[in-house]
1. Could you tell me which residue of region 50-63 is nearest to residue 4 (Cα to Cα), considering only residues that are without any contact (Cβ under 8 Å) to a residue 40 or more places away in the chain and surrounded by 11 or more Cβ atoms within 10 Å (Cβ to Cβ)?
2. Take region 1-14 and flag every residue that is exposed (fewer than 12 other Cβ atoms within 10 Å of the Cβ) and within 13 Å of residue 65 (Cα to Cα).
3. For region 21-34: of the residues being closer than 18 Å to residue 66 by Cα, free of Cβ contacts under 8 Å to residues at least 40 places away in the same chain and out of contact with any helix residue (DSSP H, G or I) (no Cβ under 6 Å at 6 or more places or on another chain), which is surrounded by the most Cβ atoms within 10 Å (Cβ to Cβ)?
4. Hey, could you check region 35-46 for residues that are surrounded by 13 or more Cβ atoms within 10 Å (Cβ to Cβ) and free of Cβ contacts under 8 Å to residues at least 24 places away in the same chain and say which is farthest from residue 11 (Cα to Cα)?
5. Out of 66, 17, I need the residue that is over 14 Å from residue 3 (Cβ atoms), exposed (fewer than 15 other Cβ atoms within 10 Å of the Cβ) and in contact with a strand residue (DSSP E or B) (Cβ under 8 Å, 6 or more places away or on another chain). Which one?
């Protein structure tokens, strides 16, 4: 069964960082595309863990909502 997760991508000094807020998984890549690819692989590995599967069955996640906030500096 296919599930949908959020990805928050930020550009660091030397790499792009990709973070999945629903599961707390973070990875990086030299490009935005590479960071997303690495995050997908990391999530697949993370979700293979039996303890993670038990946790998700006991406490299903809710998809995160990502919003932009503007502040006057």
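A short reminder: the numbers here are calculations on the coordinates, not readings from a lab. Just so it is clear, the model here is predicted, and its values are computed rather than measured. Glycine gets a Cβ as well: all are built from the backbone with ideal geometry, and neighbour counts include every protein chain shown.
1. Restricting to residues being without any contact (Cβ under 8 Å) to a residue 40 or more places away in the chain and surrounded by 11 or more Cβ atoms within 10 Å (Cβ to Cβ), the top hit is 61.
2. Just the residues of region 1-14 that are exposed (fewer than 12 other Cβ atoms within 10 Å of the Cβ), to begin with: 1-4, 11-14.
Of everything in region 1-14, just one residue is exposed (fewer than 12 other Cβ atoms within 10 Å of the Cβ) and within 13 Å of residue 65 (Cα to Cα), namely 4.
3. Of everything passing the filter in region 21-34, 23 is surrounded by the most Cβ atoms within 10 Å (Cβ to Cβ).
4. So the residue we want is 46.
5. Exactly one residue qualifies, and that residue is 66.
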